[in-house]
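The values are calculated or read from the model by the stated rules, or taken from the named source; none is laboratory data. Remember, predicted model here, so these are calculated numbers, not experimental data. Virtual Cβ from ideal backbone geometry, glycine too; neighbours counted across all protein chains shown. Note: accessible area is taken over every heavy atom of the protein model, side chains too, but ligands, DNA and RNA are not part of it. Shrake-Rupley method; radii C 1.70, N 1.55, O 1.52, S 1.80 Å.
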Amino acid sequence: MAGAATRSRAGRRRLASRFSPRAKLLPLASASLRAYRLPLLGVATVLAVAAITNWLTAPVDLLPSLRDGLVEALGLGVFLVVAALLLAALWLLAGAPTPGWPVLRRLTGAVLWALFALGIAGLFRPAWDVGDVDLAATTVGGDVGDRLSSPLGAVIMLALALSAALLTAPSLTLRGLGATLGGTAAGIGAIAAATAHLRPPMLSLRLPGRSRHDPWDHSTRHDATAAADADDADAIGLTEDDDADLFEADDDLAEEDGADSDEPDEMALPPAVDGRTSAGGWELPPLSLLNPDHAPRNRRDSERLARTIIETLASFGVDAAVTQINQGPAVTQFGVEPGWEVKTKLVSLRDETGRPLLDDSGRPLQREEEVGRTRVRVSKITRLANDLALALAAPSIRVEAPVPGRSVIGIEVPTADRRLVALRDVIESAECQKALRNGGLPIALGRAVSGKPVVRDLTRMPHLLIAGATGSGKSVCINSIIACLLMHFSPQELRLVLIDPKRVELTDYAAVPHLAFSRVITDADEVVTVLAAMLTEMERRYLLFQRTGARNVAAYNAAGHPSGKLPFWVVVVDELADLMMTAPAEVEQQLVRLAQLARATGIHLVIATQRPSVDVVTGLIKANFPTRLAFATSSATDSRVIIDHGGAEKLLGRGDMLFVSSEGHALQRVQGTYVSDDEIAALIDFWTDERFRHIPRPTLDHLLQEAAAKQDGESSEAELPVDTPSPGERDTLYPRALALARDHSRVSASLLQRRLRVGYPRAARLIDELEAEGVVAPAEGGQSRPVLAPETTVESR
């Protein structure tokens with residue numbers, strides 16, 4: 001009975017507790033507190049921040065020693081602690097999410113930035129009061145900032161700033177450090193190059209030669225960038241060795257170009273250095289006149305595009321792999337190797353007795369067996385050019401199938417960070433030095449899609465035809481060719497004949513001493529006479545070769561004849577279409593004859609046109625100009641007229657061109673060199689400097705007069721004895737010369753020769769008589785003379 005009573009009382013107590021109000025409210029209150037404890041803590045922290053702020057700023061006597069101690073230690077930085085508490089309150093109100101490593105890393109960086117700010121603030125002592133503390137006696141950064149602003153603290157501050165930057169923005173910090181180190185190295189190299197001529201000769205012989213490495217090959221990268229590149233390579237499915245092979249696809253060509261690396265180091269030095277001298281007292285321009293351009297290559301973007309190409313081809317059922325990535329200044333060429341098309345069939349599985357094996361549902365088990373494989377057709381990849389352009393978000397791509405000399409298909413994609421190619425970088429390359437050592441005329445064309453410099457010897461071309469639409473970079477290319485020649489040759493080694501019917505492109509070179517004639521030819525009617533003069537000079541040189549037994553200009557100059565060396569002649573025609581409109585038959589005949597015969601005499605032609613039609617670039621001209629440059633054209637027809645192939649219509653313009661040489665029929669895509677107007681002006685100022693005034697500059701205008709006289713049926717002045725005046729008598733043609741002077745503001749001997757149909761000696765005597773009578777000004781550097789008294793009539797004596 002006692003046990004039963006006890007169990008009955010216990011049951012009543014459990015029943016009473018189950019239905020009591022206290023049993024219901026306490027668990028509910030406990031759950032509510034657990035659910036809202038973080039927001040409540042956040043609200044409490046906000047109230048604490050408000051109280052602390054009021055305690056710091058208001059004159060409250062609560063714990064004044066603690067407040068003064070904090071202000072003296074941290075200065076205004078004490079409010080950074082208040083800001084940190086406020087951030088903690090916001091974190092609690094947001095639910096206190098677990099911060100990951102990026103958040104903790106940035107918070108740590110923020111703390112280091114706060115300490116760095118205390119050090120900067122420690123340099124200032126304003127007359128401010130915080131409570132009872134005078135910051136003029138302490139600092140804005142308190143005692144901590146005062147110690148950090150000391151000499152030893154400056155080192156600590158630098159370490160704090162670097163650590164904080166690495167924690168908050170590691171990628172940007174590493175790139176900034178790389179740019180700083182690269183700029184410092186470039187500055188040291190420039191100073192060393194500028195002071196190289198100051199070293200004693202004995203020491204300079206012991207110094208190693210300049211490295212032949214390509215200034216565009218920036219293989220050194222920071223760890224963070226290298227790690228990102230490795231991640232992208234893994235995403236494409238490449239190993240570390242494969243990733244390196246992608247960007248070293250031109251190693252075999254580099255080894256061929258560097259085959260002469262065993263030569264003495266001094267031979268590897270670029271010729272364009274300060275203090276270069278030439279024959280006849282001439283000096284050559286220094287490299288400092290040209291602007292350098294060393295731009296790094298963005299490998300990560302190229303690897304992303306490679307992955308897109310693989311995925312796009314795979315989506316169309318084409319198996320392929322990107323095995324090479326050649327990065328150029330304007331385009332990136334991806335070498336795509338076609339995969340395999342595998343043919344398979346299903347084969348039933350059988351047991352040892354030959355009976356088919358069945359699965360649980362009674363169906364026969366089968367396996368796939370390969371029965372054959374073939375290479376993916378090249379046409380399957382080339383047909384997807386537009387689909388690849390869409391996937392790569394490129395305006396257009398060019399597919400080269402296959403790349404000459406390599407078992408890959410080249411897909412050329414425009415780069416997002418297109419950059420200019422500086423003329424100086426190409427001139428400094430080993431290819432240019434090799435051409436100079438071989439006694440040629442190197443011209444810097446630009447850089448290929450692989451980034452390698454493209455330099456060609458004009459004596460091996462031996463002539464160059466340039467064509468392209470307006471604004472494609474044709475005139476810039478001509479200026480780069482002329483600037484490259486002016487950088488390497490003096491007037492005794494090179495003579496230029498510049499023909500500019502447009503009158504605005506080449507007239508700036510009128511003052512350089514390299515001109516064979518006294519001016520730039522701008523009159524289209526005079527071009528036939530100029531080309532005739534060139535033919536006369538060519539025939540004269542062949543007569544010299546016949547007398548001396550030389551076969552070409554190189555053999556003649558090597559023999560060392562008493563008459564001296566023959567200079568190279570380069571004839572530059574800026575617009576062929578205008579000349580073909582003026583006198584098509586004569587111009588074509590003369591150009592073709594020069595192209596056929598003038599190579600051995602050292603005369604070379606560079607002809608450009610912006611209208612590549614068949615009536616301008618005729619078949620006869622194309623046959624004698626095997627080396628051609630095609631800039632961007634408006635149609636595929638124009639491209640075929642220039643280079644016998646399509647593709648120029650897909651070029652990007654602004655110096656993007658296709659180059660076909662006489663040494664092979666393979667097209668090469670090149671980004672042309674760029675030379676600015678300031679660089680051209682500096683180069684012209686160098687050659688027209690006063691220190692060269694004492695050197696004679698004979699012009700060959702008499703060749704023009706002889707050619708004009710020959711065209712007019714007058715071979716020489718000796719054929720007109722009746723018009724030859726006696727000593728002391730005035731020429732009978734003087735009144736006509738005076739009338740001609742009245743009609744012009746400037747006159748020259750060539751003008752009188754053409755209008756009066758006389759030879760050069762007689763025209764020169766007429767100019768002398770006009771000068772003696774005060775009609776024209778004295779001669780100035782072989783140019784035309786201004787008319788001083790055009791309205792004055794001088795009576796005949």
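When Lys and Arg each count +1 and Asp and Glu each count -1, what net charge do the other residues less than 12 Å away from VAL376, Cβ to Cβ, add up to? Could you put the intermediate results ahead of the total?
On the way: positive: ARG373, ARG375, ARG377, LYS380, ARG383; negative: ASP319, GLU337, GLU341.
Computed value for this residue: +2.
In debye to the nearest 20, how big a dipole does segment 382-440 give about its Cα centre with +1 on each Lys and Arg Cβ and -1 on each Asp and Glu Cβ?
Details: 8 positive and 7 negative charges, 29 e Å.
The calculation lands at about 140 debye.
Enter the accessible area per residue of segment 335-422 (Å², integer; probe 1.4 Å; all protein chains in place). Could you put the intermediate results ahead of the total?
Numbers: 5600 Å² over 88 residues.
Per-residue value: 64 Å².
Using R₀ = 41 Å, calculate the FRET efficiency as 1/(1 + (r/R₀)^6) where r is the Cβ-Cβ separation of GLU368 and ARG406; round to 0.05. Mind dumping the intermediate values first?
Working: r = 34 Å, r/R0 = 0.83.
For GLU368 and ARG406, the calculated efficiency is 0.75.
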task: Round to the nearest 0.05 the FRET efficiency obtained for THR470 and VAL342 when R0 = 41 Å and r is the Cβ-Cβ distance.
output: 0.20
- line: Extension length gain for ARG730 and ARG105 (0.36 nm per residue less Cα distance), in nm, is 215.2 nm
task: Quick one: which residues, 5 or more positions from GLU283 or on another chain, have an amide H under 5 Å from its amide H? H modelled 1.01 Å from N in the peptide plane, none for Pro or chain starts.
output: SER278
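What part of the accessible area of segment 542-595, given as a whole %, is carbon or sulfur when the probe is 1.4 angstrom?
On the way: 1460 of 2720 Å².
Carbon with sulfur: 53 percent of the solvent-accessible area.
Using Cα-Cα distances under 8 Å and only pairs 6 or more residues apart, what relative contact order does segment 498-553 have, in percent?
On the way: 32 pairs, mean separation 15.5, N = 56.
Relative contact order here is 28 percent.
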query: Pairs LYS474/LYS622; LYS502/LYS710; LYS474/LYS502; LYS380/LYS622: which exceed 23 Å Cα-Cα?
result: LYS502/LYS710; LYS380/LYS622
field: For segment 440-523, with +1 on Lys and Arg beta carbons and -1 on Asp and Glu, the positive-most of ILE482, MET461, SER518 along the dipole
entry: MET461
- line: Sorted by chain and number, the residues with a modelled amide H under 5 Å from that of ARG456, at a separation of 5 or more or across chains, are ILE443, LEU445
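Taking 0.36 nm per residue of sequence separation and subtracting the Cα-Cα distance, how much length would be gained by fully extending the chain between ALA779 and VAL592, in nm to one decimal? Could the numbers behind the result be given before it?
Numbers: separation 187, 0.36 × 187 = 67.32 nm, distance 3.66 nm.
Full-extension gain reported as 63.7 nm.
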Length added when fully stretched, PHE316-SER379, from 0.36 nm per residue minus Cα-Cα: 21.4 nm
message: Along the Cα→Cβ direction, 7 angstrom out, place labels at ARG697 and LEU38. What is the inter-label distance in nm?
response: 8.3 nm
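If we count every other residue with Cβ under 14 angstrom of PRO567's Cβ, Lys/Arg +1 and Asp/Glu -1, where does the sum land? Display every interim value, and only then the final one.
Details: positive: ARG495, ARG540, ARG541, LYS565, ARG697; negative: GLU493, GLU537.
That works out to +3.
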Computed label-point distance, nm, for sites ARG503 and THR53 using a 7 Å Cα→Cβ extension: 7.6 nm
field: Estimated distance in nm for a label pair at LEU349 and ASP677, the labels positioned 7 Å out from Cα along Cα-to-Cβ
entry: 7.9 nm
field: Protection proxy ranking of 425-432, 360-367, 375-382 - average other beta-carbon atoms within 10 Å, highest first
entry: 425-432, 375-382, 360-367
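Near ALA632, within a Cβ-to-Cβ distance under 10 Å, what is the net charge of the other residues, with Lys and Arg +1 and Asp and Glu -1? Walk me through the numbers before you get to the answer.
On the way: positive: LYS474, LYS650, ARG654; negative: ASP638, GLU649, ASP656.
Taking every other residue near ALA632 into account, the sum is 0.
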